[in-house]
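The values are calculated or read from the model by the stated rules, or taken from the named source; none is laboratory data. Model, not experiment: these values are computed from the prediction. Virtual Cβ from ideal backbone geometry, glycine too; neighbours counted across all protein chains shown.
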Amino acid sequence: MNKRTALGYKIHKAYNTILQKENSILHYNFYAYSLLQLETFLHKNGMIDEVLENSGINKTDLNFTKEKLISYNRTFSDVNNELTFKAYFQMVEAFIFQVFTCLYSTYPIFLKKDNLKFDLAYENIFSTSNINEIQNLIIENRVKRTIQSNNISNTLQKFKKVFGFDVNIDDKDFRNIILASLHRNILTHNNGIVNRIYLQEITFHNLSKKYNLGDCIFPQLNDHIETLQNTVNNISTSIFDSISDNLTQIDKYASNLEKN
């Protein structure tokens, strides 16, 4: 199997994984919303643990949900919507992570594009004699640094800057995913309350201003989830299609880099 074919296979597998994740989120939503009829009991002592234990939420999210309900007097609906919104955003990040990993593992020459050092912990280098494991750790660290040190718009631009091809993302979807990242940030760091950083980023990215300082986004979060769901689907499909259409170009670009 040549590199071009191998990359196509890996990307197709990653894309199918994303579709499966979406089905999991939709299944979780159906089950979680069936518990909303018990919402009035969630605030009674002894009922929070019982209801949440049967909600299908994993242990980490269970603690997060209980804390939100008690500390911020949130309804189950609000907490569920926050978890769902973040799950959809993490879905597109996970897909980009897998795609970058596929590209780097198929064409390691791309690792030289950013001129970054290959930083690995001592124990990671000397605890294994398997060179493949070390190579995978280098790629994993590079992808993590790329995604964690950049906002979503810069991350998407890496396809052109590092791998030499454009991802044909609709302008509306591009703006929506930037907006979703800002919503995710204030959900995580400011309990869903619009702050000055959010408004500054809205202005910087020339996005439509729908909130004012101090507004809470929870009343509109259902709408944001629906928009994000469509955006994630569109962007994931655009990435998949763009790579599929440019397999030959990617292969030639990597070959030219190796010659220089």
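Of the residues that make up segment 193-207, is at least one in contact with a His (Cβ under 6 Å, 6 or more places away or on another chain), under 30 Å from ASN80 (Cβ atoms) and in contact (Cβ under 8 Å) with a residue 12 or more places away in the chain? Lay out the reasoning, then the answer.
In the first step, residues of segment 193-207 are kept if they are in contact with a His (Cβ under 6 Å, 6 or more places away or on another chain); the result is none.
No, that holds for no residue.
Going by the structure shown, is ASN190 surrounded by fewer than 16 Cβ atoms within 10 Å (Cβ to Cβ), polar (S, T, N, Q) and either in contact (Cβ under 8 Å) with a residue 12 or more places away in the chain or touching a helix residue (DSSP H, G or I) at 6+ places or on another chain (Cβ under 6 Å) (or both)? First the steps, then the outcome.
Details: surrounded by fewer than 16 Cβ atoms within 10 Å (Cβ to Cβ): yes; polar (S, T, N, Q): yes; either in contact (Cβ under 8 Å) with a residue 12 or more places away in the chain or touching a helix residue (DSSP H, G or I) at 6+ places or on another chain (Cβ under 6 Å) (or both): no.
So ASN190 does not fit the description; no.
Scan segment 141-149 and tell me whether some residue there is surrounded by fewer than 18 Cβ atoms within 10 Å (Cβ to Cβ) and at pLDDT 90 or above.
no
For segment 212-260, how many residues meet the condition of being among the acidic types (Asp, Glu), free of Cβ contacts under 8 Å to residues at least 12 places away in the same chain and closer than 30 Å to ASN80 by Cβ? Outline the logic, then answer.
Going residue by residue through segment 212-260, those that are among the acidic types (Asp, Glu) are 215, 223, 226, 241, 245, 251, 258.
Next cut, free of Cβ contacts under 8 Å to residues at least 12 places away in the same chain only: 223, 226, 245.
Next cut, closer than 30 Å to ASN80 by Cβ only: 223, 226.
Result for segment 212-260: 2.
Kindly indicate the residue of segment 153-173 that is within 16 Å of the chain's Cα centre (by Cα) and free of Cβ contacts under 8 Å to residues at least 40 places away in the same chain and also nearest to LEU83 (Cα to Cα) among those meeting that condition.
ASN154
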